[in-house]
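Student: Got a structure here, written out as structure tokens. Questions coming.
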Amino acid sequence: MLPKYRRIGVFCGAKPSKPQYLELAEEFGTWLGASGMDLVYGGGSTGLMGAVASSARDAGSYVTGVVPHHLLGAEGDQPQQVELVVVRSMHERKALMYRLSDAFVTLPGGMGTLDELMEISTWAKLDLHSKPVIVLNAGGFFDGLLGLLDHAVREGMMSAADRALVRDVTTIDAIAGHLEAATTSGALAATG
């Protein structure tokens, strides 16, 4: 386990997806458990959410799902042996996930996933946290988004330092390297 990064917040889709993305979520969840890390996620049991939660739990991770009341059941019945925290709103869901997590990894997903990624990245830019934000760009899923961020830098709408807050990797194994680098550079994950 990476010493400063015990709980990893994961943003990903709840809709059924292509097999390659479901396999990625399963591999990532297994990696979390094998690495001695726990999962904080959106609380659903369908799509990538369900795949990452089930595989992380099966690999030994403690799994915490955070779901707003209005989505109970909408994203499937919650997986067994998952601590489920029910909150009043999407805003509360995100705020609690952010508080509980020591670092963040984004897997493929839709509008909600992108919203979570952009918000947590904005909070890092505003120095509201110093937790690593990593995009797992396996299969090029996030090429367009990452290209847009690079375009914003070229156009002067974003600094290179702000762009560097969103680390992107193409393999699960590369995530550990980013977390280790963040630990040694002093970017400690302050929870709470």
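The values are calculated or read from the model by the stated rules, or taken from the named source; none is laboratory data. Only a predicted model underlies this, so the values are computations on that prediction, with no experimental measurement involved. Note that each Cβ is placed from the backbone with ideal geometry, even for glycine, and that neighbours are counted across all protein chains shown. For accessibility, only protein heavy atoms count, side chains too; no ligands or nucleic acids. Shrake-Rupley method; radii C 1.70, N 1.55, O 1.52, S 1.80 Å.
Student: Tell me which of these residue 97 doesn't satisfy, since it passes every other one: (1) loosely packed, with under 15 Cβ neighbours inside 10 Å; (2) assigned to a helix (DSSP H, G or I).
Tutor: With (1) loosely packed, with under 15 Cβ neighbours inside 10 Å; (2) assigned to a helix (DSSP H, G or I) applied to residue 97, the lone miss is (1).
Student: Also: Looking at (1) open to solvent by less than 40 Å² (accessible area, probe 1.4 Å); (2) touching a residue at least 60 places away in the same chain (Cβ under 8 Å); (3) within 18 Å of residue 39 (Cβ to Cβ), find the lone condition where residue 133 falls short.
Tutor: Failed condition: (2).
Student: While we're here: Would you check if residue 50 is part of a helix (DSSP H, G or I), at pLDDT 95 or above and open to solvent by less than 20 Å² (accessible area, probe 1.4 Å)?
Tutor: No: the conditions fail for residue 50.
Student: Right, something else. For the stretch 142-163, indicate whether the set of residues that are assigned to a loop (DSSP other than H, G, I, E, B), touching a residue at least 12 places away in the same chain (Cβ under 8 Å) and either farther than 22 Å from residue 20 by Cβ or aliphatic (A, V, I, L, M) (or both) is non-empty.
Tutor: No: the stretch 142-163 contains no residue that is assigned to a loop (DSSP other than H, G, I, E, B), touching a residue at least 12 places away in the same chain (Cβ under 8 Å) and either farther than 22 Å from residue 20 by Cβ or aliphatic (A, V, I, L, M) (or both).
Student: Against the condition open to solvent by less than 70 Å² (accessible area, probe 1.4 Å), in contact with a His (Cβ under 8 Å, 6 or more places away or on another chain) and within 23 Å of residue 12 (Cα to Cα), how does residue 163 come out, does it pass?
Tutor: no
Student: Here's another thing I want to ask about it. Show the residue pairs meeting these rules: Cβ distance below 7 Å; 6+ apart or different chains; first residue within the stretch 16-37 and among the polar types (S, T, N, Q); second residue crowded, with 16+ Cβ neighbours inside 10 Å and in a loop (DSSP other than H, G, I, E, B).
Tutor: 17/108; 30/59
Student: Quick one: how many residues across the stretch 101-115 are open to solvent by 10 Å² or more (accessible area, probe 1.4 Å) and either among the aliphatic types (A, V, I, L, M) or assigned to a helix (DSSP H, G or I) (or both)?
Tutor: Adding up the residues that qualify gives 4.
Student: When you go through (1) at negative phi; (2) assigned to a loop (DSSP other than H, G, I, E, B) one by one for residue 8, which number turns out not to apply?
Tutor: (2)
Student: Considering each of 56, 25, 34 in turn, give the residue that is out of contact with any Lys or Arg (no Cβ under 7 Å at 6 or more places or on another chain), of a type in the set (A, V, I, L, M), surrounded by fewer than 24 Cβ atoms within 10 Å (Cβ to Cβ) and within 20 Å of residue 173 (Cβ to Cβ).
Tutor: When all the criteria are applied, what remains is 34.
Student: Now a separate question. For the stretch 150-179, give me the residue count where each residue is over 19 Å from residue 104 (Cβ atoms) and hydrophobic (A, V, I, L, M, F, W, C).
Tutor: 4
Student: State the number of residues belonging to the stretch 16-34 that are at pLDDT 95 or above and in a loop (DSSP other than H, G, I, E, B).
Tutor: So the answer is 0.
Student: Residues 158, 118: which one is at pLDDT 95 or above and either within 22 Å of residue 65 (Cβ to Cβ) or open to solvent by 60 Å² or more (accessible area, probe 1.4 Å) (or both)?
Tutor: 118
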